[in-house]
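This report concerns only the one structure given below.
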Amino acid sequence: MKLILENESDTLKLGAAISNAMQEVEYEKMEIHLSGNLGAGKTTLVRGILQGFDWDDLVTSPSYTLCEEYEIKNKLFLHIDLYRINSIEDIEVLNLDRATTKQKIIFIEWPENLLEKRDTDLIINLFHDNQRRQVSLETRNAEMSSNIKVYYESI
């Protein structure tokens, strides 16, 4: 699926659509990869998704902390930024595959810096297009893809 996002509001709207679609799918763990250059809207999109799960606090870029964690009801969200990652040890310290009793959703910005292949449920690419953003989404679940489109168009 490809979309043009005119502004931050459209990016948050897409986040809400993704959040709604995620809530329609049964999963124990979900991993979402976000690619795009600096300032393309990756963290804004994550904020929109978290707001769709009723998060009403700040969502900050994990550029310096490498990992921001959010607990919402029975879910653990890990928001990872691999922009400055240089070695497998840097990734291992994040303990992405840790056991939890909560549903786990992992957002990985700059997944091209992963040094090992990981299963991905949703791949999002954001690109600058003058003042707008071009977005492409790929899912392993056709129903989820369809739901994202339906929710996005209905908001």
Interchain or long-range residues, amide H under 5 Å from ILE72's placed H: PHE77
Per-residue ³J(HN,Hα) for region 9-14, Karplus 6.51 cos²θ - 1.76 cosθ + 1.60, θ = phi - 60°, Hz, x for Gly and Pro: 4, 5, 5, 5, 4, 5
Protection proxy ranking of 11-17, 120-126, 135-141, 22-28 - average other beta-carbon atoms within 10 Å, highest first: 11-17, 120-126, 135-141, 22-28
³J(HN,Hα), Karplus 6.51/-1.76/1.60, whole Hz, each residue of region 33-42, x for Gly, Pro: 9, 10, 10, x, 6, 4, x, 7, x, 4
Gain upon complete extension [ASN141, ASN7; 0.36 nm per residue less C-alpha separation]: 45.5 nm
Of all DSSP beta bridges in the chain, antiparallel share, percent nearest 5: 50 percent
Tail weight of P(r) past 21 Å, computed on alpha-carbon pairs of the chain, percent: 41 percent
Nonlocal amide H pairs with ILE106, under 5 Å, H built at 1.01 Å: MET30, GLU31, ILE32, LEU78
Cα-projected label distance for ARG132 with THR100, points at 7 Å along beta-carbon direction, nm: 3.5 nm
Residues whose placed amide H lies under 5 Å from that of SER35, excluding near-sequence neighbours: ILE124, ASN125, LEU126
Under 20 Å between alpha carbons - lysine pairs in region 2-154 that sit 8 or more apart or on different chains: 17
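Just so you know, all these numbers are worked out from the coordinates, no wet-lab data involved. These numbers come from a predicted model, not from an experiment. Because the Cβ atoms are built from the backbone with ideal geometry, glycine has one as well, and the counts that use them run over all protein chains shown.
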